[in-house]
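In what follows, a structure is listed as structure tokens, so that the remarks can point back to it.
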Amino acid sequence: MLTSLAVALTVATGAVAPVSSGITIRYTEYDIPHIVAHDYRSLGYGQGYAAARANLCAISDGVITLRGERSRYFGPGPATTTLTRAADNVTSDLYFKSVSLDGLLDQPSADVRQMVRGYAAGYSAYVSERHPTSCPEIALPITEQDVYRRVHAWSTLMTSSGNAGGIVAAAPGTTANSSLAELAKTTRDMSGPGSNAIVLGREATKSKRGIAVVNPHLPWHGDVAWDMVQLTIPGRINVSGATFTGTPFVIAGATQNMAWTGTIADAVIPATLFELKLTDPTTYLVDGKPERMRREDVTIQVKQPDGTLKPVTKPRYSTRYGPVITNAYGLELPWTSEKAYAFGDPNSKNMRFLNTMAEFAKAQNVRDFTSAVHRTQGNPLFNMMAADATGRTVYSGQSVIPNVPDSLLESCSTQLGRETVRFGLAALDGSRGDCAWRNDKDAIQQGIFGPGNLPEQYRNDYAVNSNESYWLTNAREPMKRLNRLVGSFETARNVRTRDTLTEVHDGLGKFDLTSTQDLVFSNRVFAAELTVDSVVTMCRTLPGMGNACDALAKWDRRANVDSRGALLFSRFWTRIGRNPDWKVPFDVKDPVRTPNTLNTANPVVVKAFTDAVAELNAAGIPFDAPLGEHQYVERDGKRIPFGGSRPETGTFNVIASEWDNGYHSIGQGRVGTNSSGYVRVVAFNGTQCPDARAVVSYQQPELFSRKQWITERFCERDIMTSPALKILRLNAS
């Protein structure tokens, strides 16, 4: 309930006065909550209350999804959830209804348990106040279990929940009709949800202090949207940044002296297949001994057109390795009378993600950061990086990965596995007990790699990542080879990685807050820098292309809202950019500048260009039209132009716009936006108040359009002098 409880605050210094009871939420510009409480339960209560106030319907929708009740409320058809790739509500419900957290809830630390308990209570308190809402039928109180379900779904986003359809559909008699070529395409296309991240150290910055850049590319709604927040328990934690909607703590943030960032580790598939030899459709052999699959009948309620509910039941089969699966990462897997496949997912047993985030919230330097990573081992799917006030940086590829060393791949890979391992997916012989995952002495969970077998690199200059493997985090010092499942080694990097490395090297020693912000919105199109001159030369050999050639020749090679020619290049490169034909191949000794020189004699390249020209002509769009006229978001009937470009063009500021009747509209009801969302730069300055600038593209689109930022308020004097200050006092009874 709301109360008039007074809370004493110190305004004159950077500290916060001790809070003896109650919770205070101070809202500053753009409704950013700064929450102060005296313990974790109260802090969680404040964050849960603030989250419900800001995103009640989005969080409620996720709760219904994770309870396996979408069909009960919305009927059977198409799923809109962002925490699974299930095609419809029935599949989503059958999957999530079968997920058990039994045995996992002893993993969260005491602080996390208190935070989650408070979060559920604070959220539910807001619901109980009966605020007007557009989703009254699903705006229900939540429990701690609901919060943990969300964390677990995040932990398995790239594994079990990401392959929910293949798990739910698994049934004897399934035949395969896809090829390994389709798997290759699927694993490349998994980079849809992505990110860029940069940490700069003392050798890269003017101040000799650290700077961190956060730039995730995720859908702009639902469970993966971002909420900015500051969380403070005086004398214990003070952390600001953003979290995923409906999730406690801060996921990408900064303390007084340390900031962290991360990217989804697309180069790692943190799961394995186990090929089973069957004696009958539900019995498999291990070392010659038969084992029965475990069968669980899962029942959900499905709303019918007349409003009544009808039960739907589907059996789920599981093995010692994990559930049986008939489609993984786009590869169809047969379940015959002789063979089936089980899906091994170590993150299905991981409930430590919030432990990691809770420790980050207290860390004050990169050593604290890596100590937290090693101690908690809860990072499910991210490349993590940090910079601190002393100018040190670290890259950490320490996520939860199946312990499959190269020796095990060599001895236990099936025929399928020898092909799929090229894409980072192991398929092991499940009929042999000695093909099970190995155990490391320094791993706190059986079957995962321990810290000693995972990548980590400290630097004083920089670390970057754009969803690729650990190898080229720093081009000055590529990392040493690790086991294959940890990521690819000495392979060509995508053009987005190469752009980031180039832009960082161009600015080494000169970076400050402003120049780092400029890098984020530079909108350099690296693929164009590599190819446009040759494309223009090719263009001039083609009949009737004069205006298109002139537009590209005059283009500034940027994707700003006023860049003319960017739209034509984007439509061309989208057709070939995932697999360009380069004349100069990749050279491990020159990994940033190679491969290069597009083969413009290739008929595929010529056709891609002429098709792009025809597409713009058909839409009546001039080749030199400003990009912002055709790449935009709509708010209240107003078009707001956006700069940036698609990920395959090698632009740091990713805007994955979709072609729609001649326009590149962004986020117009589409699930797969996967564009720059929460963008942040944190620079340490030698005071108790780090400089931080941020913007959430879909919440503040006009700021984003103009390359403007919110000046964050970390210290008390700044919070309390906000012209937009609103204070809300709660009592977590």
* To do: Take residue 427 and decide whether it is closer than 27 Å to residue 283 by Cα and assigned to a strand (DSSP E or B).
  => yes
* List pairs: first in region 710-728 and under 13 Å from residue 238 (Cβ atoms), second surrounded by fewer than 14 Cβ atoms within 10 Å (Cβ to Cβ), Cβ under 6 Å, 6+ apart or cross-chain? -> 716/11
* **Selection from region 320-370 of residues that are out of contact with any Gly (no Cβ under 7 Å at 6 or more places or on another chain) and among the acidic types (Asp, Glu)** => 332, 338, 359, 368
* Asked: Which of the residues that make up region 572-609 are touching a residue at least 24 places away in the same chain (Cβ under 8 Å) and either hydroxyl-bearing (Ser, Thr, Tyr) or assigned to a strand (DSSP E or B) (or both)?
  -> 574, 594, 596, 597, 598, 600
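Residues checked against (1) among the hydroxyl-bearing types (Ser, Thr, Tyr); (2) farther than 30 Å from residue 118 by Cβ; (3) at pLDDT 95 or above:
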| position | (1), (2), (3) |
| --- | --- |
| 672 | no, yes, no |
| 683 | no, yes, yes |
| 711 | yes, no, yes |
| 718 | no, no, yes |
| 721 | yes, no, yes |
* Asked: Is there a residue in region 687-695 that is farther than 22 Å from residue 214 by Cβ, at pLDDT 90 or above and in contact with an Asp or Glu (Cβ under 8 Å, 6 or more places away or on another chain)?
  -> no
* Structure fact -> By residue number, the members of region 80-103 that are surrounded by fewer than 24 Cβ atoms within 10 Å (Cβ to Cβ) and either among the small types (Gly, Ala, Ser) or in contact with a strand residue (DSSP E or B) (Cβ under 8 Å, 6 or more places away or on another chain) (or both) are 87, 90, 97, 98, 100, 103
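Being over 26 Å from the mean Cα position of the chain (by Cα), at pLDDT 95 or above and under 30 Å from residue 377 (Cβ atoms) narrows it down to one of 139, 121, so name that one.
Numbers: 139 fails: under 30 Å from residue 377 (Cβ atoms).
Unique residue meeting the criteria: 121.
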* To do: Output yes when any residue across region 430-446 is farther than 30 Å from residue 209 by Cα, in a strand (DSSP E or B) and out of contact with any His (no Cβ under 6 Å at 6 or more places or on another chain), and no when none is.
  => no
* Tally the residues that are of a type in the set (Gly, Ala, Ser) and in contact with a Lys or Arg (Cβ under 8 Å, 6 or more places away or on another chain), restricting the search to region 626-656. => 3
* Residues being over 24 Å from residue 247 (Cβ atoms), hydrophobic (A, V, I, L, M, F, W, C) and surrounded by fewer than 22 Cβ atoms within 10 Å (Cβ to Cβ): count how many of those fall in region 140-173. => 2
* Structure fact -> Taking region 517-571 and the residues there that are hydroxyl-bearing (Ser, Thr, Tyr) and either over 22 Å from residue 581 (Cα atoms) or in contact (Cβ under 8 Å) with a residue 24 or more places away in the chain (or both), the one that is surrounded by the fewest Cβ atoms within 10 Å (Cβ to Cβ) would be 537
* Residue check: is residue 429 under 30 Å from residue 290 (Cα atoms) and out of contact with any Lys or Arg (no Cβ under 7 Å at 6 or more places or on another chain)? -> yes
* Looking only at region 447-470, which residues are in a strand (DSSP E or B) and among the hydroxyl-bearing types (Ser, Thr, Tyr)? -> 458, 462
* Asked: Does region 280-287 contain at least one residue that is buried (at least 22 other Cβ atoms within 10 Å of the Cβ) and not β-branched (Val, Ile, Thr)?
  -> yes
* Within region 34-46, is even one residue touching a residue at least 24 places away in the same chain (Cβ under 8 Å), polar (S, T, N, Q) and farther than 24 Å from residue 372 by Cβ? -> no
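The values are calculated or read from the model by the stated rules, or taken from the named source; none is laboratory data. In this text the structure is predicted, and so the values were computed from the model without any measurement. Positions of Cβ are backbone-derived with ideal geometry, glycine not excepted, and every protein chain shown enters the neighbour counts.
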